[in-house]
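The values are calculated or read from the model by the stated rules, or taken from the named source; none is laboratory data. Since the model is a prediction, treat every value here as computed from it, not as a measurement. When we count neighbours, we look across all protein chains shown, and the Cβ atoms used for this are built from the backbone with ideal geometry, even at glycine.
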Amino acid sequence: MARSRKWLWWVAIGGPLVAFAIWALATNERLFLVTLLNGLTLGALYFIVASGFTLVFGLMRNVNLAHGSLYLLGGYVGFIVAERTEWWLPAVAAGIAAAALVGLAMQVAIFRRMPGEDLRQTMVTIGLSIVIADLLLWTFGAQVHQMDPPAWLAQPLRGLPLIGAYSSYRLSLLPLGIGIGVLLWLFLNRTRVGMMIRAGVDDRGMLAASGVNVNLVFAITFAIGAGLAGFGGVIGAVELSMVPGEDTRLLLASLVVVIVGGMGSVVGAAVGAAILGLAETFGLAYAPTYSVVFTFLILVLVLAFRPRGILGRPG
Amino acid sequence: MSAANWRKAMNSGAGRIAMGAARPTVGFPTAPASIDDVVAEGDASVSRWLRLLLQHVRARHVAVLAFLLVFPWIASPFFTFQIGAQSLALGIIALSLAFLAGYGGMISLAQMTVAGIAGYLVAIFGTSGTPEISLGWPWWIAVPLAIAIATVCGTLIGWLSVRTEGIYTIMITLAIGVAFHYLALQNYSVFNGFQGLQKVYPPVLLELDWRSPMPFFYLCLFFALGAYLLVKYVNRSPFGIALQGIRDNPRRMNALGFAVTGHRVAAYAFAGVIAAVGGVLFTWYNGLITPGSVGTSSLINILVIAVLGGMRHPIGPFLGAIVFVLLQNFAIDLFDRERFNLVIGGVFLAIVLFSPDGLIGLWARFANRFAAARAQSSPVARNAVAGGSSQR
């Protein structure tokens, strides 16, 4: 019974998708493949940002609505460092460090003082996101900033079968996203701190009772989560662009990815990010004025049938 | 309301129902009552209503109401329209959130979306500056239809978000709200994209232009009072009591046989009506509806207003709206106009960090301290304080 129903789901969802893919390949194979690549690379960026969000949420039940602001902060800091030093790696490091430091400060100065008050913590992150967004607007103005990709990725990749040329920077995001996912998985599953974090996700009280310094684990997690947002910011500063309002966009993306994928699960974030990235780019390519509706539809369907997300565990 | 208070309210409610059920057998033993009895009963009910009214209406209520009624006559049109009417319209929308959050325990950021849907629908069904989109129906069809459809949308949003609990509700309603913002931004055939719909004005009725400051203020005041009293009434009704029970302990209410999901969705529907009415008024106030009206900052502003005032009492959102609008208009004198968000974000942070119950909480703390100081001087007052502090 359960197996046949699972099959039914695969056919009901996969069937139309396969039919669409065949139709799109037959009519315009280049558009389809380029859109596919765009979707996957955008998904990689979403994954990097949303994995930090889901990590913090899973452990601390803290919906960090300032996550988008940390993303933008990392992007701006990376942009400045890249402009001053003309090197790319220091820019990435600075972006990560800036976001991680702000995240750490938030955890140590504010969230530690209100343990267990999820709702109040979320309100605080809302207030912080308003303040940070306005400070960034004050400092950097409303114009669009765009960062140059590193020199060795600046030239498009030519001579690809079927699609011809494609931006090598964008293509590099795919292995980068996968690499970060693998690193995160190794960190969570193979290291001592990762073990503590997983234990904290399952039962915070028990972790504290067994003698672990929970505050330290929280601080490390928050720094990593915020650092991932900053990393995403530097990458996004090249791929997308930096302008006030991008913070909301990435916050929405993180929210949808985490809701669709399952809250607190890194693998779920990967699945959700891939789905959202593909849905957005295909929507923009094939039905421009209604592209958001697809995102929304996916959200509604997942919520209606799997309220805890595709890979979410029942509570 | 604490669990003990809730239990007390529950018990007294049950007691009243039991008394009501018992009365016919006591008061009317056998045959139908004579006319005198009916008249006496009618008199009794009138006097009971009067007594209830006298019991609940305090001097401060009369003073506030009188001030609000006189306000447009003593204030300049700027204050009547920009400050007064805008605060009332925003307060109505924030009230719908405060009802959901304070009595249902569900913080929905999508209340501004419901209000925005109502605003868009009024513009689409009625008249606007874009005749290709607007259908031009008369207001008495357009406005009720807009409110009805927006309420249905609010109920659907609620139906989706009650599948999750607590902290998740914020995420999901925020996602829904932002998704609607992008839909309105990208769609030109219905929502007219970035431009939105301009020149959406209230009708001219009874030879009165309802957009001129004084009539519009009274219009907003009428609906604000109505919404305020309605929320107060619903909170005391069996439905409201059950909702507060669900907020405090859903599992126990479920075990008692209450439909938890049903009550929550119904709360969303009720809040949807209020938000839709507020949305129509706010759209009329602005004279236009754009994607910016339902953007993230607008969604969050409603939360800021509700939290600023306090969500424990229906007056909170209106207080919050007044402070918010005053800051919005006069922050320019204190700071740079561009830095309004910094000011409001800072105020919001300060309130959340230091007084989670908002301005009402500050007031209650102040009043408590004052009463405690007085109680120390006289033993009679101490008893009064001890009695008063148990009821909120």
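So the values come out like this:
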| quantity | calculated |
| --- | --- |
| Residues within the stretch B:301-328 that are within 14 Å of chain A (Cβ to nearest Cβ), more than 15 Å from the chain's Cα centre (by Cα) and surrounded by fewer than 24 Cβ atoms within 10 Å (Cβ to Cβ), tallied | 2 |
| The stretch B:158-175, subset surrounded by fewer than 24 Cβ atoms within 10 Å (Cβ to Cβ) and modelled with pLDDT of 80 or more, residue nearest to the other protein chains (Cβ to nearest Cβ) | B:LEU160 |
| Number of positions in the stretch A:195-212 that are surrounded by fewer than 19 Cβ atoms within 10 Å (Cβ to Cβ) and under 23 Å from A:ALA97 (Cβ atoms) | 0 |
| Some residue of the stretch B:207-221 being within 30 Å of B:THR164 (Cβ to Cβ) and touching a Ser or Thr at 6+ places or on another chain (Cβ under 9 Å) | no |
| Qualifying position, being in contact with an Asp or Glu (Cβ under 7 Å, 6 or more places away or on another chain), more than 14 Å from chain B (Cβ to nearest Cβ), surrounded by 12 or more Cβ atoms within 10 Å (Cβ to Cβ) and not polar (S, T, N, Q), among A:LEU25, A:LEU42, A:LEU55, A:LEU70 | A:LEU42 |
| Given (1) within 14 Å of chain B (Cβ to nearest Cβ); (2) outside any helix (DSSP H, G or I); (3) of a type in the set (D, E, K, R), index of the condition A:ARG120 fails | (2) |
| Qualifying residue in the stretch B:261-269 (condition: assigned to a loop (DSSP other than H, G, I, E, B), surrounded by fewer than 19 Cβ atoms within 10 Å (Cβ to Cβ) and modelled with pLDDT under 90) | no |
| Filtered residue count, the stretch A:248-283, keeping only those that are at the interface with chain B (Cβ under 9 Å from one of its Cβ atoms) and not hydroxyl-bearing (Ser, Thr, Tyr) | 8 |
| Selected residue (criterion: farthest from the other protein chains (Cβ to nearest Cβ)) from residues of the stretch A:299-315 that are surrounded by 21 or more Cβ atoms within 10 Å (Cβ to Cβ) and among the hydrophobic types (A, V, I, L, M, F, W, C) | A:VAL302 |
| Which numbered condition A:LEU128 misses (of (1) under 21 Å from A:VAL217 (Cα atoms); (2) within 14 Å of chain B (Cβ to nearest Cβ); (3) touching a residue at least 60 places away in the same chain (Cβ under 8 Å); (4) of a type in the set (A, V, I, L, M)) | (1) |
| Residue satisfying condition, being within 14 Å of chain A (Cβ to nearest Cβ) and assigned to a helix (DSSP H, G or I), within set B:ALA275, B:ALA184, B:ALA242, B:ALA224 | B:ALA184 |
| The one condition in (1) touching a helix residue (DSSP H, G or I) at 6+ places or on another chain (Cβ under 7 Å); (2) assigned to a helix (DSSP H, G or I); (3) in contact (Cβ under 8 Å) with a residue 40 or more places away in the chain that A:LEU207 fails to fulfil | (3) |
| Residue, surrounded by the most Cβ atoms within 10 Å (Cβ to Cβ), within the stretch B:116-145, restricted to residues that are free of Cβ contacts under 8 Å to residues at least 12 places away in the same chain and assigned to a helix (DSSP H, G or I) | B:PRO144 |
| Scan of the stretch A:285-315 for residues that are part of a helix (DSSP H, G or I), among the aliphatic types (A, V, I, L, M) and free of Cβ contacts under 8 Å to residues at least 12 places away in the same chain, ordered by number | A:VAL292, A:VAL293, A:LEU297, A:VAL300, A:LEU301, A:ALA304 |
| Count - residues of the stretch B:290-330 that are closer than 22 Å to B:VAL200 by Cβ, among the hydrophobic types (A, V, I, L, M, F, W, C) and free of Cβ contacts under 8 Å to residues at least 40 places away in the same chain | 0 |
| Some residue of the stretch B:101-115 being on the phi > 0 side of the Ramachandran plot and either assigned to a helix (DSSP H, G or I) or surrounded by fewer than 23 Cβ atoms within 10 Å (Cβ to Cβ) (or both) | yes |
| Residues of the stretch B:146-168 satisfying the condition of being part of a helix (DSSP H, G or I) and over 22 Å from B:GLY278 (Cα atoms) | B:LEU160, B:ILE167, B:TYR168 |
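Here's the yes/no breakdown for (1) under 18 Å from the mean Cα position of the chain (by Cα); (2) under 13 Å from A:LEU55 (Cα atoms):
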| position | (1), (2) |
| --- | --- |
| A:PRO175 | yes, no |
| A:TRP185 | yes, yes |
| A:MET196 | no, yes |
| A:ALA199 | no, yes |
| A:VAL214 | no, no |
| A:PHE222 | yes, yes |
| A:VAL234 | yes, no |
